[in-house]
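Chemist: Quick one: this structure, given as structure tokens, is what I'll be asking you about.
The values are calculated or read from the model by the stated rules, or taken from the named source; none is laboratory data. What you see is a predicted model; the values in this text were computed from it and never measured. No Cβ is skipped: glycine too gets one built from the backbone with ideal geometry, and neighbour counts run over all protein chains shown.
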Amino acid sequence: MKVMLVVDHPYGAQAWDNTPHRRSFAVALAHAAQLGLADAGHDVDLVDLHADGFNPVMSAEDLAAWRLGAPSPDPLAADYQRRLLAADYLVLAFPIWWEVMPAPTKGFIDKVVAKGVAYHEGNGLRPMTNATKLRGVTLITVMSTPKPLYSALFANAISKILLRGTFRKIGVSNLTWLSHAGVENKSPAARQAMLDAVQARFAKLR
């Protein structure tokens, strides 16, 4: 299976090696997922939004292409679109900031998961139909807000936005959110257990 693994962190997809001030637990989790996918024999297409210099801003030209259902005029976004259409599974890994995703992930949704590319407009009870071959989508996130508080105060906003509000809407039904909260207060052993669990989970992906 071909898995598109999209990593969104300013330190980049190599920030998993625990170097002080250049490390990210969200990236470490993404790396654990990558290891698990490799263990299972999957073909991983790693996308590093920051290293690629992805511009998340929807320009006037981008919007015109979106309205027409045409490929993005942004060469990098167009490349991501081709790679998304080739993928059987999508994984998005990022930290949650101010209760939502960082700008590059939002830009990926706006510019890559686009009308005429990832979905087609329908009518009636099926306003959108899936144009990808995605069998599932998983979010891997890290946040400081405790999970019960995030649920009570913010109604699990990230899940509503990206899973229910985006991928389920276009017709992808196998949706998973792997949330990791309060990591900064966890012991090294507890953090390692989280990494091991993610690697094991993706090693079982079929």
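Chemist: Pairs, please: C-beta under 9 Å, at least 6 apart or cross-chain, first residue over 16 Å from Val6 (Cα atoms) and in region 17-43, second among the small types (Gly, Ala, Ser) and in a helix (DSSP H, G or I)?
Modeler: Qualifying pairs under 9 Å: Asp17/Ala28; Asn18/Ala28; Asp39/Ala200; Asp39/Ala203; Ala40/Ala203.
Chemist: Could you check how many residues of region 174-192 are on the phi < 0 side of the Ramachandran plot and touching a residue at least 12 places away in the same chain (Cβ under 8 Å)?
Modeler: Matching residues across region 174-192 total 11.
Chemist: Here is a follow-up. When you look at Pro188, is it at pLDDT 90 or above and out of contact with any strand residue (DSSP E or B) (no Cβ under 8 Å at 6 or more places or on another chain), yes or no?
Modeler: Here the answer is yes, as Pro188 does meet what is asked.
Chemist: Which of the residues that make up region 31-76 are among the acidic types (Asp, Glu), closer than 24 Å to Arg191 by Cβ and out of contact with any strand residue (DSSP E or B) (no Cβ under 6 Å at 6 or more places or on another chain)? Before the answer, list the steps.
Modeler: First, pick out the residues of region 31-76 that are among the acidic types (Asp, Glu): 39, 43, 45, 48, 52, 61-62, 74.
When the remaining residues are screened for being closer than 24 Å to Arg191 by Cβ, the result is 39, 48.
Hit for region 31-76 is Asp39, nothing else.
Chemist: Scan region 70-84 and tell me whether some residue there is over 21 Å from Thr132 (Cβ atoms), out of contact with any helix residue (DSSP H, G or I) (no Cβ under 7 Å at 6 or more places or on another chain), of a type in the set (A, V, I, L, M) and part of a helix (DSSP H, G or I).
Modeler: No; the residues of region 70-84 include none that is over 21 Å from Thr132 (Cβ atoms), out of contact with any helix residue (DSSP H, G or I) (no Cβ under 7 Å at 6 or more places or on another chain), of a type in the set (A, V, I, L, M) and part of a helix (DSSP H, G or I).
Chemist: Does Ser151 meet the test of being among the polar types (S, T, N, Q) and within 18 Å of Ala32 (Cα to Cα)?
Modeler: In short, no.
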